[in-house]
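Reviewing the structure listed below.
The values are calculated or read from the model by the stated rules, or taken from the named source; none is laboratory data. If you're wondering where the values come from, they're calculated on a predicted model, not measured in any experiment. Counting neighbours? That spans all protein chains shown, and the Cβs are built from the backbone with ideal geometry, glycine included.
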Amino acid sequence: MTAPRRIQPLKQKAKTTTISAIIIIIIIIILTFGGFFLAVPSNHTLPIALAVDNSETWSVTIHVREESGISGNTIIIGKASNASDGLDQYDLPEPPFPPQYPYLRSWLQTSFAVPFNNLLQEYKASSTIHAIWNLSCVWMAASENQSTTFIQISWKSDEINATHFDSFLLYQNNTVVADLLALSSYSFPSNGTLHQFQIIGQTIEKNNTSGKNDLSILSITVFIIVLIFVAILAVFWNKHKK
């Protein structure tokens, strides 16, 4: 009479063991495939904006020289944390014209009041992501020399790289004539006419859309199907053991 009493606990124990095994299998499946399904990209993204460092300070010295080296000068462009895109303490006016020929004059043209309309040094605010410097230069040869002269605009690559601009271009007549990030100088012929350039630096705002964190409908559907299949298998196995 004692044997039948032992069968029921054994069956119950076997049933409990089976259910536990099925639960463990479900957990393993969720841990194994859940990450994969969650990683499936969808058409919706969560943009992650990268902050721009507004405290950077740098300067670039640009040399403007006549080919023979008898005349030339330098201008400085830059950014500073306490500068502005308007007139500030960093903006230095150009000195008067030289009294004798020949001479090469270059300056940064602005909309500021005289004498700050022509500068030798101009800084922008650190937060500026699209900066424009208007560079003008003119070669005034001696009266007896009317031949064409080549002018060279040059800069240092290490100073250019320190700007962290994604694009840094030299324009003339709305045409790119030099990439400051790839080259170190640009030369052009002059016969006494005024030459006007634009130095344009651009920082691209980085919105990282590569992290696709939304669940796609397909991934959710497949995941639910897997769970349903495992549940049906568990029920079938439980009835079979009974």
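Residue-wise test of (1) modelled with pLDDT of 85 or more; (2) surrounded by 17 or more Cβ atoms within 10 Å (Cβ to Cβ); (3) in contact with a Gly (Cβ under 7 Å, 6 or more places away or on another chain).
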site	(1), (2), (3)
57	yes, no, no
63	yes, no, yes
107	yes, yes, no
123	yes, yes, yes
146	no, no, no
### Query
Within the range 75-91, is there a residue that is more than 27 Å from the chain's Cα centre (by Cα) and of a type in the set (Gly, Ala, Ser)?
no
### Task
With respect to residue 61, determine if the residue is in contact (Cβ under 8 Å) with a residue 60 or more places away in the chain, part of a strand (DSSP E or B) and in contact with a strand residue (DSSP E or B) (Cβ under 7 Å, 6 or more places away or on another chain).
yes
#### Entry: Condition check for residue 113: surrounded by fewer than 12 Cβ atoms within 10 Å (Cβ to Cβ), out of contact with any Cys (no Cβ under 7 Å at 6 or more places or on another chain) and free of Cβ contacts under 8 Å to residues at least 40 places away in the same chain
yes
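Identify all residues within the range 90-105 that are part of a loop (DSSP other than H, G, I, E, B), modelled with pLDDT under 95 and touching a strand residue (DSSP E or B) at 6+ places or on another chain (Cβ under 9 Å); write none if there are none.
Passing the criteria: 94, 95, 97, 98, 101, 102.
For (1) modelled with pLDDT of 95 or more; (2) surrounded by 13 or more Cβ atoms within 10 Å (Cβ to Cβ), each residue gets a yes or a no:
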site	(1), (2)
142	no, no
164	no, yes
171	yes, yes
175	yes, no
## Note on the structure
Checked the range 116-152 for anything more than 36 Å from the chain's Cα centre (by Cα) and farther than 26 Å from residue 186 by Cα; matches are 143, 144
